[in-house]
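I have placed the structure first, in the form of structure tokens, so that the comments after it can refer back to it.
The values are calculated or read from the model by the stated rules, or taken from the named source; none is laboratory data. Predicted, not measured: the structure shown is a model, and the values here were computed from it. Cβ sites come from the backbone with ideal geometry, for glycine too, and all protein chains shown count toward neighbours. With ligands, DNA and RNA removed, areas are computed over all heavy atoms of the protein, side chains included. Shrake-Rupley method; radii C 1.70, N 1.55, O 1.52, S 1.80 Å.
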Amino acid sequence: QVQLVESGGGLVQPGGSLRLSCAASGILFRINTVGWYRQAPGNQRELVATISSDGSTNYAASVKGRFTISRDNAKSTVYLQMNSLKPEDTAVYYCRARSPRGFNYWGQGTQVTVSS
């Protein structure tokens, strides 16, 4: 059974930082591309950042320079370090793992709220 469990969300003031974690089980984590997506109320789910099995990364323009994605294959965990947070970063953040065969697995999401 595949499970992706996110943690680290919460309430933070503008300009603050948060670190999200996503622990995976039931998959061969090191061969998967993993990433973070987010969905704000009334909006479609959008890509935030991805990291492939070889470590190459991809970021949405809106977070480039502020967010950093990383992975620890030994712990089957992907991280998202979020700095200089803005109110428009408020959303539910989801972790996704994509296998080489194209299967997608999603976590349950973690709420991030940026507000003073």
- Query: Got a sec? What order do D89, D54 fall in by accessible area at 1.4 Å, biggest, i.e. largest, first?
  - Reply: D54, D89
- How big is the accessible area of K86 in square angstrom, nearest 10, if you roll a 1.4 angstrom probe over the protein chains? 80
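Once the convex hull of the C-alpha atoms of the chain is built, how many Å³ does it hold per residue, rounded to a whole number?
Numbers: hull volume 10.9 nm³, N = 116.
Dividing the Cα hull volume of the chain by its residue count gives 94 Å³.
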- How many angstrom lie between the C-alpha centres of region 42-84 and region 1-36? 9
- Under a 1.4 angstrom probe, counting protein chains only, how are R38, R30, R96, R45 ranked by accessible area, largest first? R30, R45, R96, R38
- Query: Can you give the FRET efficiency for N104 and S17, using 1/(1 + (r/R0)^6), R0 = 22 Å, r = Cβ-Cβ distance, to the nearest 0.05?
  - Reply: 0.20
- Note on the structure: Pseudo-spin-label distance K64 to S52, built 7 Å along Cα→Cβ, given in nm, is 1.7
- Can you give the Kirkwood hydrodynamic radius of region 1-58 from its Cα pairs, in Å with one decimal? 13.4
